[in-house]
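Written below as structure tokens is the structure these notes are about.
The values are calculated or read from the model by the stated rules, or taken from the named source; none is laboratory data. Note that the structure is a prediction, hence the values are computed from the model and not measured. Here the Cβ positions follow ideal geometry from the backbone for every residue, glycine too, while neighbour counts run over all protein chains shown.
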Amino acid sequence: MKPQKYLLLLTCILPFLLFAGDTAAAPTVKSNLTMGDAINKAGRQRMLSQRIVKAYVLVGRKIMLSANIQLTDAVNLFEAQLAELTDFAATGEERKTIREITRLWKKYKALATTRPTKEKAEKLAAMSDEVLAKAHKFVLLLEDRSGTSAGKLVNISGRQRMLSQRIAKFYVLRSWGLENPEYELGQDKAVKEFTDALQLLQAAPENTSEINDALKKVEQDWNTFKISKQLKGGNYIPSLVVRSLDKILAQMNYITALYANIAR
């Protein structure tokens, strides 16, 4: 299947099957991760920390029929990957960080699986940043252990997935009437970081033609997202914005897998 057709298929079935394969396999198959795989999955944990809040708010607002599925799948996948990454941790610092993530995750999961309210959504958002910080630390530890430029690209590309969901998280929180100034600042910062990192990835000498073509598509959709966001006319349009960002998430998930193959 051509890369473009594969990417289109992946985008169309999101959010229902975005990471279903990982979730289904984890309970019965012992993972034998390569370093590229481990950095990819550790980076995906950062994304899931933000995606869970986004889906939680959408469930609370009763927006998008797929929100309940997104939330359940994200929680299950985070837990499954946490088990894999715990087995993969090799250094003392990696093991310590995974233990810290596990402690945070237990509290985070407990809240994320309750009936959504505005008050709990704000608490979950705050907790998501703690989980994100520790997950990011673990990615950096793996990147250091890999000692390769390809490992760094897996990290950067994987972080783009997180930023797509971080932007969505802040947007839906604000759309629920939670106008914390930190949410607007966080959203604007994430938009800038995504733009800067996209330019860095496009300039990477390790890129294959397949990666370059996929990055061009991301750039087109990213520019479309920024225009649609500006055209909201003071009204929030969470369904449109979330679908746009989920499309970018699917594309960046595909690109990150390509970088992970280089880093094997």
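Would you call residue 102 among the polar types (S, T, N, Q) and not in a helix (DSSP H, G or I)? First the steps, then the outcome.
Numbers: among the polar types (S, T, N, Q): yes; not in a helix (DSSP H, G or I): no.
Considered against the rule, which asks whether it is among the polar types (S, T, N, Q) and not in a helix (DSSP H, G or I), residue 102 comes out as no.
Checking the structure you have, find out if any residue of region 75-95 is buried (at least 24 other Cβ atoms within 10 Å of the Cβ) and either β-branched (Val, Ile, Thr) or over 23 Å from residue 143 (Cβ atoms) (or both). Within region 75-95, not a single residue is buried (at least 24 other Cβ atoms within 10 Å of the Cβ) and either β-branched (Val, Ile, Thr) or over 23 Å from residue 143 (Cβ atoms) (or both). Out of the residues in region 212-264 meeting the condition of being over 19 Å from the mean Cα position of the chain (by Cα) and β-branched (Val, Ile, Thr), tell me which one is modelled with the highest pLDDT. Ranking the qualifying residues of region 212-264, first place goes to 262. Restricting attention to region 159-214, the residues that are surrounded by fewer than 19 Cβ atoms within 10 Å (Cβ to Cβ), charged (D, E, K, R) and in a helix (DSSP H, G or I) total 10.
Residue 6 satisfies every condition listed in (1) in contact with a Lys or Arg (Cβ under 8 Å, 6 or more places away or on another chain); (2) modelled with pLDDT under 85; (3) over 20 Å from residue 128 (Cα atoms) except (1). Residue count for region 143-171 satisfying the condition of being more than 18 Å from residue 184 (Cβ to Cβ) and not basic (Lys, Arg): 16.
Can you find a residue in region 46-65 that is among the hydrophobic types (A, V, I, L, M, F, W, C), at pLDDT below 90 and part of a helix (DSSP H, G or I)? Break it down into steps so the answer makes sense when it comes.
First, pick out the residues of region 46-65 that are among the hydrophobic types (A, V, I, L, M, F, W, C): 47-48, 52-53, 55, 57-59, 63-65.
Next cut, at pLDDT below 90 only: 63-65.
From the residues that got through so far, the ones that are part of a helix (DSSP H, G or I) too are none.
No: region 46-65 contains no residue that is among the hydrophobic types (A, V, I, L, M, F, W, C), at pLDDT below 90 and part of a helix (DSSP H, G or I).
In region 139-158, which residues are surrounded by fewer than 24 Cβ atoms within 10 Å (Cβ to Cβ), touching a residue at least 40 places away in the same chain (Cβ under 8 Å) and either in contact with a Cys (Cβ under 8 Å, 6 or more places away or on another chain) or among the hydrophobic types (A, V, I, L, M, F, W, C) (or both)? 141, 150, 156 - these are the residues of region 139-158 that are surrounded by fewer than 24 Cβ atoms within 10 Å (Cβ to Cβ), touching a residue at least 40 places away in the same chain (Cβ under 8 Å) and either in contact with a Cys (Cβ under 8 Å, 6 or more places away or on another chain) or among the hydrophobic types (A, V, I, L, M, F, W, C) (or both).
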